[in-house]
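Only one structure is covered here, and it is reproduced in the block below.
The values are calculated or read from the model by the stated rules, or taken from the named source; none is laboratory data. The structure displayed is predicted, hence computed values, not measured ones. Every residue, glycine as well, gets a Cβ built from its backbone with ideal geometry; the counts of neighbours run over all protein chains shown. Accessible surface areas use protein heavy atoms only, side chains included; no ligands, DNA or RNA. Shrake-Rupley method; radii C 1.70, N 1.55, O 1.52, S 1.80 Å.
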Amino acid sequence: MCSSDLGVEIFFSAVAAVMLYLHSLRDFAREVTQLGGEQLRHVLQRLTAGRFAGALVGAASAALVQSSSVVNFITMGLTEQKVLPMRSAWTVMIGANVGTTLTAWLIAYRFTGMGPFFITVGGLWSLFGPRRWRTYGHPVFHFGLIFLGLSLISTTLLPLERSPEVLRLVEALSSPARALAFGVALTMLVQSSSVVVGLTVLSVAGGLIEPALSIWMVVGANLGTGWVSLLNATTFGPRARRLALFNAGLDLCGLALFVAVLQFAIRPLLAMMPEPGLQVAFVHSAFNLSAALMALLLLPWLWRYLERFVPEDARG
């Protein structure tokens, strides 16, 4: 086989692996939401009276469905229906940004090897389990597909380490600003920060991207997910759109905090982590957690200024 044919095969294998990961992630979120969507709505309604309780509910929900975008979409819908006051809804979205960081840690700790196990268990469960419980095998199956896709991505990335095209791309991302912009653009393209962060963890672990650049790609992914919420909010009314604007503003404040303080404060901790993938996961969590804590601590004072942009019937 000639080198050009081999390059085409590697390229389509890599794209196929990414598509498997992306669709499995969305299918998993859909399956979990369909099975527990009504319960999730009730939990969001009942347990979001306090700012920290709302954030914990949002974090747990995003960790469960592996997607902050799904939780944000449901939350904006409940807000538009006047089921949730905007203040409570925003605390849920703040927490969802933290909960979605679980994906990066699972990948960094090489949890991807468990993919075939979950596929086998979920597949057998959905085919041969008790009839009334078979539908619960579907999310388990798709959860396994997520990590099988990640494992395939990791395998297909190895031959690309010295590819001229990849080297040119890495060279184009040679500055933090470019890596940040690339992370934002890619997240808006695939509509998921989890996908971008997962690919970044695997790329830096495989030596395709320098850890210093990968950190800025992850920060860009966090900014991009705020813009994804803004796009999703266009399907709702003014309450949801304003809520999405608050969330995007929080991401911008998180970026300012990271640039001014956090990147310097966490350097000693990053130096203690030999695994580049763990460094990326840590930065992802530190960015979202610091922005969330800042917002929650300042919320009583901050909300007095934000309320002027909130309709009277949506306040709480």
- Where is the GNM fluctuation largest for the chain (alpha-carbon springs, 10 angstrom cutoff): G237, G220, G122? G237
- Could you work out how far helix 211-233 tilts from the main Cα principal axis of the chain, as a 0 to 90 degree angle to the nearest 10? 50
- Which residue, A16, A62, A281, has the most motion in a Gaussian network model of the chain that connects Cα atoms within less than 10 Å? A16
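With a 1.4 Å probe and all protein chains left in place, how much accessible area per residue does the chain have, in Å²?
Heavy-atom SASA per residue in the chain reads 47 Å².
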- For the chain, modelled as a Gaussian network with Cα springs under 10 Å, which listed residue fluctuates most, L302, L22, L293? L302
- If we count every other residue with Cβ under 15 angstrom of W125's Cβ, Lys/Arg +1 and Asp/Glu -1, where does the sum land? +2
- Identified option (computed Kirkwood radius over Cα pairs in Å; candidates (i) 21.0; (ii) 20.2; (iii) 22.8): (ii)
- Apportionment of accessible area to carbon and sulfur, the chain, percent (1.4 Å): 68
- Cα long-axis angle, helix 137-157 against the chain (0 to 90 degrees, to the nearest 10): 50
- Task: Return one number: the angle in degrees, 0 to 90 and rounded to the nearest 10, between the long axis of the Cα atoms of helix 115-128 and the longest principal axis of the Cα atoms of the chain.
- Result: 70
